[in-house]
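The values are calculated or read from the model by the stated rules, or taken from the named source; none is laboratory data. This structure is a prediction, so every number in the text was calculated from the model and none was measured. Cβ placement follows ideal geometry from the backbone for every residue including glycine, while neighbour counts extend to all protein chains displayed.
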Amino acid sequence: MFCKYPPFSTRVGFLTIALCLWAPVSHAELLADAVESALRYHPGVEAAIANRDAYAQERKEQWAEHFPSLNLRGSGGRVYGDNSTSRGLTVTRGAAYSPLWEGSATLTQPLFDGFETFNRVDAAQMRQNSATYNIVDVRENLALRTVIAYLDVLRSREALEKVNLHKKLLEDYRTRIQKMVNEGAADESMVVQAQDIAKQLESTMVDLEGQLKSSNAQYAELTGHMPDDPMERPVPRPDVIPDVADEAVVYAKQNHPALKAAQSTEQALAYDADAEKQFYYPDVNGEFSYLKRDQVDEIGGEVIDAKAVVRLNWDISLAGGQVARMRKAQQRQYEGRAKRAETERTIEREIRTAFSDLETAQARVNLQNDRVSINERLFKNYQAQFEGARV
């Protein structure tokens, strides 16, 4: 069954097989060490984890709306009063000044809010799930990029090494050709041809050195350090690659973290849309309050007010603002659904492209092996002709 393949190996294995068939053998830094460094220290992973933790706090924030809230107020100062009480008690002016001290406490327990809080909590949970899947996706993408950078460094180093060896061999032949020309055993054109080949090699070396610097920079960005010298050749794992692309596509649609993240985001937007429907219902809250006010008797005297009530509040936008907000949330839900479908198609395309690239790479390896054999025989013939002419 295809489900035996771990997600990381499924995504990274294609490129590992395709690129490391020719990698040089050495004994130093391992590919696994490079991947571990990238996953442990890259700031992209830290950012993804922080994003997940932020959504976890958002869920706690929404969940807290189920429980009572306590409001405390206090005030103090002076007050001027001119009312029926002051006019009834004061015979001189009908008004009075007084110090004022007032304090109140109100405990409010939500009883019914049109299921808005339930939907907000579920939406926050889905966003937290999406962020968790995003961590997995970020880590797998980092691992894949690290594999590519590791193999690019190996490839550039090997190419430079081979070109340097070829350059030394060419210099030896140039010296021998020049000696033959001086002795009249060869034509001057052979020297010119050797010089042209040497310039081509120098141009190739410049390009390869630039590629190596670029590969080193990419590697350092991912792992946090420059590649060691030497680096060990990774071992191919063809057993972790499914036999056909269709099998990989089915598995990816069920397990790919980017797709699961998109699905969770779509569900979160659906809960947001349901939460906006709360305006169909009134808000009902239970309220316990206590107020105490201290002032002179001429303007009312000491006041104590304690209440235990149920309050109903129903806000209705006569211009249709609440309906527009609900429809906006529904359109966001449709957008999330379309993005999830787009992500699914993108993943399928990448898998089929990876299989095609793998098949092409395997075919090219066979062709290049044949060309190596042919060129080795051709080189031996040229070498024999050259040595025979020199003698």
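Please verify whether residue 60 is surrounded by fewer than 15 Cβ atoms within 10 Å (Cβ to Cβ) and at pLDDT 95 or above, treating the condition exactly as stated.
Working: surrounded by fewer than 15 Cβ atoms within 10 Å (Cβ to Cβ): yes; at pLDDT 95 or above: yes.
When the stated conditions are applied, residue 60 passes them.
Can you name the condition, by its number, that residue 308 falls short on among (1) under 43 Å from the mean Cα position of the chain (by Cα); (2) more than 30 Å from residue 129 (Cα to Cα); (3) at pLDDT 95 or above; (4) of a type in the set (Gly, Ala, Ser)?
Evaluating residue 308 over (1) under 43 Å from the mean Cα position of the chain (by Cα); (2) more than 30 Å from residue 129 (Cα to Cα); (3) at pLDDT 95 or above; (4) of a type in the set (Gly, Ala, Ser) leaves (1) as the failure.
Run down 135, 148 and say which single residue is under 15 Å from residue 54 (Cβ atoms) and in a helix (DSSP H, G or I).
Details: 148 fails: under 15 Å from residue 54 (Cβ atoms).
Selected residue: 135, the only one of 135, 148 that is under 15 Å from residue 54 (Cβ atoms) and in a helix (DSSP H, G or I).
Would you confirm, using the coordinates I've provided, whether residue 109 is touching a residue at least 24 places away in the same chain (Cβ under 8 Å), over 36 Å from the mean Cα position of the chain (by Cα) and either under 27 Å from residue 255 (Cβ atoms) or surrounded by fewer than 19 Cβ atoms within 10 Å (Cβ to Cβ) (or both)?
On the way: touching a residue at least 24 places away in the same chain (Cβ under 8 Å): yes; over 36 Å from the mean Cα position of the chain (by Cα): yes; either under 27 Å from residue 255 (Cβ atoms) or surrounded by fewer than 19 Cβ atoms within 10 Å (Cβ to Cβ) (or both): yes.
Criteria met by residue 109.
If we keep just the residues of region 63-72 that are out of contact with any Leu (no Cβ under 6 Å at 6 or more places or on another chain) and loosely packed, with under 13 Cβ neighbours inside 10 Å, which is farthest from residue 113 (Cα to Cα)?
72
Among what's in region 130-181 and is out of contact with any helix residue (DSSP H, G or I) (no Cβ under 8 Å at 6 or more places or on another chain) and of a type in the set (S, T, N, Q), pick the residue that is surrounded by the fewest Cβ atoms within 10 Å (Cβ to Cβ). Steps first, please.
Initial filter on region 130-181 (out of contact with any helix residue (DSSP H, G or I) (no Cβ under 8 Å at 6 or more places or on another chain)): 141, 154, 158, 161-162, 165, 168-169, 172, 175, 179.
Still in the list and also of a type in the set (S, T, N, Q): 141, 175.
On the way: 141: 15, 175: 11.
Selected residue: 175.
Please list, ordered by first then second residue, the pairs with beta carbon atoms under 6 Å, 6 or more apart or interchain, first in region 327-344 and touching a residue at least 40 places away in the same chain (Cβ under 8 Å) and closer than 17 Å to residue 277 by Cβ, second of a type in the set (D, E, K, R) and part of a helix (DSSP H, G or I).
329/272; 329/276
Return yes or no: is residue 317 under 41 Å from the mean Cα position of the chain (by Cα), among the polar types (S, T, N, Q) and either in a helix (DSSP H, G or I) or surrounded by 14 or more Cβ atoms within 10 Å (Cβ to Cβ) (or both)?
So residue 317 fails the test.
From (1) buried (at least 16 other Cβ atoms within 10 Å of the Cβ); (2) farther than 26 Å from residue 123 by Cα, pick out the condition that doesn't hold for residue 306.
(1)
Which number in (1) part of a helix (DSSP H, G or I); (2) over 30 Å from residue 51 (Cβ atoms); (3) of a type in the set (S, T, N, Q) marks the one condition that residue 108 misses?
Against the list (1) part of a helix (DSSP H, G or I); (2) over 30 Å from residue 51 (Cβ atoms); (3) of a type in the set (S, T, N, Q), residue 108 comes up short only on (1).
Being surrounded by 14 or more Cβ atoms within 10 Å (Cβ to Cβ), assigned to a helix (DSSP H, G or I) and not charged (D, E, K, R), is that true of even one residue in region 383-391?
Let us first name the residues in region 383-391 that are surrounded by 14 or more Cβ atoms within 10 Å (Cβ to Cβ), namely 386.
Of the ones still in play, those that are also assigned to a helix (DSSP H, G or I) are 386.
So of that shortlist, the ones also not charged (D, E, K, R) come out as 386.
Yes, that holds for at least one residue.
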